[in-house]
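Every number here is computed from the coordinates shown, using simple stated rules; none is lab data. None of the values given here were measured: they were computed from a predicted structure. Cβ atoms come from the backbone with ideal geometry, glycine included; neighbour counts cover every protein chain shown.
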2 protein chains.
Amino acid sequence: MTVTAALSTEKLTETLKILYDPTRLLLMKLLTEKEYCVCELVDMFEVSQPAISQHLRKYKKASLVYEERRGQWRYYRFNKTCEQRALVEQILSQLDENDEQLVKLRSKAEAITC
Amino acid sequence: MTVTAALSTEKLTETLKILYDPTRLLLMKLLTEKEYCVCELVDMFEVSQPAISQHLRKYKKASLVYEERRGQWRYYRFNKTCEQRALVEQILSQLDENDEQLVKLRSKAEAITC
DNA sequence: GCCTTATATAATAAAATGCTTATATACTAG
DNA sequence: CTAGTATATAAGCATTTTATTATATAAGGC
C-alpha cells in the first residue's frame with residue numbers, strides 16, 4: 001500500500017530540514033501518536049516555551065500539523081492528510097523504539113499532568 | 001522485505017542533516033544509481049569544485065558513500081552496506097522522477113564527458 | 001474589569017552552514 | 001624533474017538557524 005512518490009526536491013528538502021533537529025524529530029514522533037498541548041511539550045523537552053512554539057510554527061508552516069484551540073490551550077497533532085505523510089512516517093519508522101532519548105521522553109509523557 | 005528499524009535519534013538526525021540540502025539530496029540520488037568522479041559532479045551542479053568536495057566529505061564522514069581512487073580520479077558511490085541504507089532509499093524514493101531539478105540534472109549527466 | 005495561565009511573537013545574540021578564493025596534495029605525462 | 005589535471009583542505013565571509021529574554025495576545029475565573 002505504498003503511496004506514489006511525488007514530492008518535489010523543494011518539498012522533500014523542506015521536510016527533511018524540519019526533521020533533522022533532534023527535538024523536532026522526537027516531537028513529531030509524539031505528535032503522530034497523539035495530540036499534545038504546548039505546556040505538556042514544554043514539560044517534556046528541556047527547552048523554553050518559546051522554543052517549543054517556534055518548532056511548532058515550523059511544522060504548521062509546512063502543513064505537517066493541525067492546531068486546535070480548546071479553551072486556553074492549543075492542541076497539536078500530525079496532519080495525516082499532508083502530502084509529506086508517507087515520507088514523515090517512513091522516516092519516523094526508522095527510529096529505534098529503544099532509543100534512549102525516545103524512551104526517556106515517553107516515560108516523561110506518562111508522568112505529565114497539565 | 002522491510003528492514004528492521006534500529007536507528008538512534010542521533011544517527012537518524014545526522015542522516016537527515018546531510019540530505020536536507022537540495023544539492024546533497026540530488027547528488028545522493030545520483031550516487032545511488034551509479035558512481036561518479038568529482039569532476040563530473042562539478043560539471044553537473046552549479047557550484048565550485050571545493051563545494052562538491054565538501055559535500056562528499058560529509059557523506060563519507062557518515063559512511064554513506066564509498067570513495068575509490070583510480071588514477072588521478074576519485075569515484076564516489078552510495079555505500080549499500082551502511083546502516084542508514086533503508087532510510088536513505090526511502091527518502092530518495094519519495095522524490096518525484098519528474099521533478100524539474102532532477103530532470104535537468106539527468107540530462108546534464110548524459111552530456112558529460114570527463 | 002483585573003489577575004492568572006497558556007501561548008505566540010519580537011528582538012537579539014550565538015552558533016552552524018555553505019559558499020567562495022587560495023592553497024596544498026597527489027597522480028600522470030613528458 | 002617539471003608541468004598540468006584532479007581533488008582536498010584551509011580560511012574567510014555572508015546567511016541561516018536556534019535558543020533565550022522580553023513582551024504581546026487571548027481565554028478563564030473571580
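Based on what the data block shows, is residue A:23 touching a Phe, Trp or Tyr at 6+ places or on another chain (Cβ under 9 Å), within 14 Å of another protein chain (Cβ to nearest Cβ) and crowded, with 17+ Cβ neighbours inside 10 Å?
Numbers: touching a Phe, Trp or Tyr at 6+ places or on another chain (Cβ under 9 Å): yes; within 14 Å of another protein chain (Cβ to nearest Cβ): yes; crowded, with 17+ Cβ neighbours inside 10 Å: yes.
Yes, satisfied.
Just one of the numbered conditions (1) in contact (Cβ under 8 Å) with a residue 24 or more places away in the chain; (2) loosely packed, with under 15 Cβ neighbours inside 10 Å; (3) within 11 Å of DNA strand D (Cβ to nearest atom) is not true of residue A:34; which one?
(3)
Give me the residue from segment A:69-79 that is within 16 Å of residue A:33 (Cα to Cα) and within 13 Å of DNA strand C (Cβ to nearest atom) and, out of that set, surrounded by the most Cβ atoms within 10 Å (Cβ to Cβ). Lay out the reasoning, then the answer.
First, the residues of segment A:69-79 that are within 16 Å of residue A:33 (Cα to Cα): A:75-79.
Now drop any that are not within 13 Å of DNA strand C (Cβ to nearest atom), which leaves A:75-77.
On the way: A:75: 17, A:76: 23, A:77: 16.
So the residue we want is A:76.
Restricting attention to segment A:67-114, and to residues there that are β-branched (Val, Ile, Thr) and more than 9 Å from chain B (Cβ to nearest Cβ), which single residue is farthest from the chain's Cα centre (by Cα)?
Step one: list which residues in segment A:67-114 are β-branched (Val, Ile, Thr), which gives A:81, A:88, A:91, A:103, A:112-113.
Restricting the remaining residues to those that are more than 9 Å from chain B (Cβ to nearest Cβ) gives A:81, A:88, A:103, A:112-113.
Numbers: A:81: 14, A:88: 9, A:103: 16, A:112: 18, A:113: 20 Å.
Taking the candidates together, the pick is A:113.
Test residue A:21 against the criterion of being more than 10 Å from DNA strand D (Cβ to nearest atom) and under 20 Å from residue A:100 (Cβ atoms), and give yes or no. Reasoning before the result, please.
Numbers: more than 10 Å from DNA strand D (Cβ to nearest atom): no; under 20 Å from residue A:100 (Cβ atoms): yes.
Considered against the rule, which asks whether it is more than 10 Å from DNA strand D (Cβ to nearest atom) and under 20 Å from residue A:100 (Cβ atoms), residue A:21 comes out as no.
Pull up segment B:50-62, narrow it to residues that are more than 14 Å from chain A (Cβ to nearest Cβ) and surrounded by 13 or more Cβ atoms within 10 Å (Cβ to Cβ), then point me to the one that is farthest from DNA strand C (Cβ to nearest atom).
Among those residues, the one meeting the criterion is B:60.
Please work out if residue B:7 is within 8 Å of DNA strand D (Cβ to nearest atom), among the hydrophobic types (A, V, I, L, M, F, W, C) and in contact with an Asp or Glu (Cβ under 8 Å, 6 or more places away or on another chain). Lay out the reasoning, then the answer.
Working: within 8 Å of DNA strand D (Cβ to nearest atom): no; among the hydrophobic types (A, V, I, L, M, F, W, C): yes; in contact with an Asp or Glu (Cβ under 8 Å, 6 or more places away or on another chain): yes.
In short, no.
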